[in-house]
Amino acid sequence: MSRLVLQVTCPDQPGIIARFTGLLFDQGANVLRLEQHVEPEPNLFFMRIVADLGGSRLSSPVLQGRVQALAESLGARTAFRDPDSRARVAVLVSREEACLHDLALGQKSGDLPCALALVISNHDRLRPVAESFQIPFHHFPVDKETKPAQERQVLALLEEQSVDLVVLARYMQVLSADFVRRWEGRIINIHHGFLPAFKGGRPYHQAWERGVKLIGATAHYVTEEVDEGPIISQDTVSVTHQHGAEEMARAGRDIERRVLTAAVKAHLEHRIILHGRRTIIFH
């Protein structure tokens, strides 16, 4: 590991930044970037440090041990990440292709620091999209009776492929509580609106029928409460009475792909700290 991302969460108190950066300096590491945030209730301090370990006189495990000892003295929780590693990502899809396209293009261009390890779908429609980007495609049909068995297949494949992150790119199936618990904090979903408006099928037709003037999308971590997980990214676009339902759907798909890709990028770059139902997201 040549660089380190250090995330810190602890009770706010004087000297936190000085003590962590001083320790890194003493060990020969160079701080490249630092951001911090304080939540007044319940008085919690959050920090993200990116450090270059090239000049460190210690191996990274030893350095991490010393950082952890300091964290314990401050009552802090820490997470150590390697910003140069490429996470293995599984994308779960159904029929909509816009989000899958954007993720695949982001990986190909290098904008998303990951490897799209596989695409899993309950339909076969998007196989050509995955194969055009040379991403292995797996078709697992599902209905009400076969859903438990299908989920077991998916879980086994994720483990077999050493997947780090699961992205639901308009995967029109609700994951079981057991699935979500196993992958807590490692599943990102895109929702077609500012939660919880217009749930269910044909959301843009519902929006058109209600005469809405603003449509949007929300990317969030998946929890056992459907569409209630910590929000990562959101965006909107204005519409008028002149927009038909299909025009609104096209505009919505554009927002969905941008919002989902932005959320996945923030996760892959280790810029997110989960805080209950909230997310602290650094630049």
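Here are some notes:
- Any hit, segment 8-22, residues being of a type outside the set (Phe, Trp, Tyr), within 23 Å of Arg86 (Cα to Cα), under 22 Å from the mean Cα position of the chain (by Cα) and open to solvent by 70 Å² or more (accessible area, probe 1.4 Å): no
- Candidate set: segment 236-258, residues that are among the small types (Gly, Ala, Ser) and over 13 Å from Thr218 (Cβ atoms); chosen: the one surrounded by the fewest Cβ atoms within 10 Å (Cβ to Cβ): Ser238
- For segment 86-110, the set of residues classified as surrounded by fewer than 14 Cβ atoms within 10 Å (Cβ to Cβ) and in contact (Cβ under 8 Å) with a residue 40 or more places away in the chain consists of Arg95 only.
- Test: residue in segment 155-162 that is among the hydrophobic types (A, V, I, L, M, F, W, C) and open to solvent by 60 Å² or more (accessible area, probe 1.4 Å): no
- Listed here are the helices (runs of 4 or more DSSP H) enclosed by segment 1-114 that have at least 2 residues being under 30 Å from Leu175 (Cβ atoms): 98-109.
- Criterion applied to Ser56, Ser132 was being surrounded by fewer than 13 Cβ atoms within 10 Å (Cβ to Cβ), free of Cβ contacts under 8 Å to residues at least 60 places away in the same chain and of a type in the set (Ser, Thr, Tyr), and the one residue passing it is Ser132.
- Test: residue in segment 67-77 that is polar (S, T, N, Q), under 27 Å from the mean Cα position of the chain (by Cα) and under 30 Å from Leu158 (Cα atoms): no
- Residue in segment 259-272 that is open to solvent by less than 20 Å² (accessible area, probe 1.4 Å) and over 11 Å from the mean Cα position of the chain (by Cα) present: no
The values are calculated or read from the model by the stated rules, or taken from the named source; none is laboratory data. What you see is a predicted model; the values in this text were computed from it and never measured. With ideal geometry, Cβ positions are generated from the backbone for all residues, glycine too; neighbour counts draw on all protein chains shown. The area values use the complete protein model at the heavy-atom level, side chains included, leaving out ligands, DNA and RNA. Shrake-Rupley method; radii C 1.70, N 1.55, O 1.52, S 1.80 Å.
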